[in-house]
Amino acid sequence: MPPEDQPDYRMSLAAERTYLAYLRTGLALTAAGVAVAGALPHAGAEGLRRALGLALVLTGAAVFATARPRWAAVVRAMERGEPLPRSRVVAALGFVLVLAAVAAGLVVLLA
């Protein structure tokens with residue numbers, strides 16, 4: 001049992017796993033953006049593919065940029081015994097992914 005002034009180590013490990021999931025998500029979005037923009041150069045709808053690829057790469061970069069501060073805020077809240085901070089990234093990421101899916105559907109239709 002941890003001392004009263006320290007958070008449960010299981011919660012710390014869970015926060016670390018979440019941080020690593022943010023990094024994996026950012027990497028996957030970046031790789032998907034590069035693949036969409038660069039793969040199948042003769043598939044058509046080049047402008048739309050490039051825009052979709054750029055949006056995915058930028059979304060991946062945003063996830064990378066927010067991962068460490070989010071992890072630090074969660075750890076700080078646990079150490080202080082405060083409620084965990086809400087994440088705005090999740091809603092924004094969902095919105096961007098829906099837009100990406102719609103754009104991907106347009107690429108398929110236009111190709």
Pair list, Cβ < 7 Å and 6+ apart or interchain, from the range 31-45 residues that are at pLDDT 75 or above to residues that are open to solvent by 50 Å² or more (accessible area, probe 1.4 Å) and not polar (S, T, N, Q): GLY33/LEU54; ALA37/ARG50; ALA37/LEU54; ALA45/LEU110; ALA45/ALA111
Only one of ALA37, ALA61, ALA51, ALA15 that is over 28 Å from ALA101 (Cβ atoms), outside any loop (DSSP other than H, G, I, E, B) and in contact with a helix residue (DSSP H, G or I) (Cβ under 8 Å, 6 or more places away or on another chain): ALA15
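Yes/no matrix, rows are residues, columns are (1) over 11 Å from the mean Cα position of the chain (by Cα); (2) over 23 Å from VAL74 (Cβ atoms):
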position: ASP8; (1), (2): yes, no
position: LEU13; (1), (2): yes, no
position: ARG17; (1), (2): yes, no
position: LEU20; (1), (2): no, no
position: LEU27; (1), (2): no, no
position: ALA31; (1), (2): yes, yes
position: ALA37; (1), (2): yes, yes
position: PRO41; (1), (2): yes, yes
position: ALA45; (1), (2): yes, yes
Single condition PHE95 does not satisfy, out of (1) more than 28 Å from VAL107 (Cα to Cα); (2) in a helix (DSSP H, G or I); (3) at pLDDT below 90; (4) open to solvent by 70 Å² or more (accessible area, probe 1.4 Å): (1)
All positions within the range 16-71 that are surrounded by fewer than 19 Cβ atoms within 10 Å (Cβ to Cβ) and of a type in the set (Phe, Trp, Tyr): TYR19, PHE64, TRP71
LEU27 vs. criteria in contact (Cβ under 8 Å) with a residue 40 or more places away in the chain, under 30 Å from VAL102 (Cα atoms) and either among the aromatic types (Phe, Trp, Tyr) or in a helix (DSSP H, G or I) (or both): no
Which numbered condition ALA73 fails, given (1) of a type in the set (Gly, Ala, Ser); (2) closer than 30 Å to LEU109 by Cβ; (3) more than 12 Å from the chain's Cα centre (by Cα): (2)
Contacts under 6 angstrom Cβ, first residue in the range 77-92 being open to solvent by 90 Å² or more (accessible area, probe 1.4 Å), partner part of a helix (DSSP H, G or I), 6 or more apart: LEU84/VAL74; LEU84/ALA77
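The values are calculated or read from the model by the stated rules, or taken from the named source; none is laboratory data. Because the structure is a prediction, the values reported are computed rather than measured. We place every Cβ from the backbone using ideal geometry, glycine too, and count neighbours over all the protein chains shown. Protein only, heavy atoms only, side chains kept; ligands, DNA and RNA dropped before computing areas. Shrake-Rupley method; radii C 1.70, N 1.55, O 1.52, S 1.80 Å.
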